[in-house]
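Here's the structure we're looking at; comments come further down.
The values are calculated or read from the model by the stated rules, or taken from the named source; none is laboratory data. Since this is a predicted model, take the numbers as computed values, not measurements. Ideal geometry is used to build each Cβ from the backbone, glycine not excepted, and the neighbour counts take in all protein chains shown.
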Amino acid sequence: MPKVAFDTNVLLSAVLSGKGTSYALVHLAAEEKIVGYTSKTLMTEFKEVIQRDYEVTLEKAEQIVEVYLQFLKLVEPDIKLKAVQVDEDDNRVLECAVYAGVEYLASWDPHLTDLKEFNGIKILNPGKLLAELQL
C-alpha cells in the first residue's frame, strides 16, 4: 500500500473545499487505500492556520484534527532537516516524510514540489499524485 505524507496545505484544502484532488487524496487515506502520515508539529500548524486564516473556532479545529487522526498515522520525527532555506516550516513536512519512510509527499507548496524528490521521496501536488497512484 502506498505511503504518503500530507503537507498541511493539502489537509486544509481537503477540509475546506470538500471536493477536488486534495479531498480525493485524503479520502484514499480514510478508505485505507493509501497510508497517510502527519506529525504533531503539522497538526499544530493545521490548527493555527485554520483558526487564523479561515476563522474556524479552536473547538472546531480540534474536532477536524481528531477526525484526521482516526485515519492518518501520527509520527514524531526525531530528525532536523534544512533542505528548504526560504521557508523553515517546509522542513517539518520533509522531516515527517523521511521519518515515516513514505514513498510520496503530497503538497501544494512550490518550495517542496519544485524539489520533485527528496531522499527518494517523490514530491507531487495532489492531482499529479492521484494520477501516479491510479487508485
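Summary of values
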quantity: Residue in region 104-112 that is out of contact with any helix residue (DSSP H, G or I) (no Cβ under 8 Å at 6 or more places or on another chain), under 15 Å from Pro126 (Cα atoms) and not in a loop (DSSP other than H, G, I, E, B) present; calculated: yes
quantity: When residues of region 35-49 are limited to those that are under 13 Å from the mean Cα position of the chain (by Cα) and of a type in the set (A, V, I, L, M, F, W, C), the one nearest to Ile79 (Cα to Cα); calculated: Leu42
quantity: Every residue from region 58-94 that is under 12 Å from the mean Cα position of the chain (by Cα) and within 13 Å of Thr8 (Cβ to Cβ); calculated: Tyr68, Leu72, Asp90, Arg92, Val93, Leu94
quantity: Test: Thr21 is surrounded by fewer than 14 Cβ atoms within 10 Å (Cβ to Cβ) and either part of a helix (DSSP H, G or I) or at pLDDT below 95 (or both); calculated: no
quantity: Matching entry among Val35, Val26, Val75 (being buried (at least 20 other Cβ atoms within 10 Å of the Cβ) and under 17 Å from Leu129 (Cβ atoms)); calculated: Val26
quantity: Residue list for region 91-112, restricted to those being surrounded by fewer than 18 Cβ atoms within 10 Å (Cβ to Cβ), more than 11 Å from Asp7 (Cα to Cα) and in contact with a Ser or Thr (Cβ under 9 Å, 6 or more places away or on another chain); calculated: Tyr99
quantity: Of all residues in region 120-135 being surrounded by 12 or more Cβ atoms within 10 Å (Cβ to Cβ) and assigned to a loop (DSSP other than H, G, I, E, B), the one that is farthest from the chain's Cα centre (by Cα); calculated: Leu135
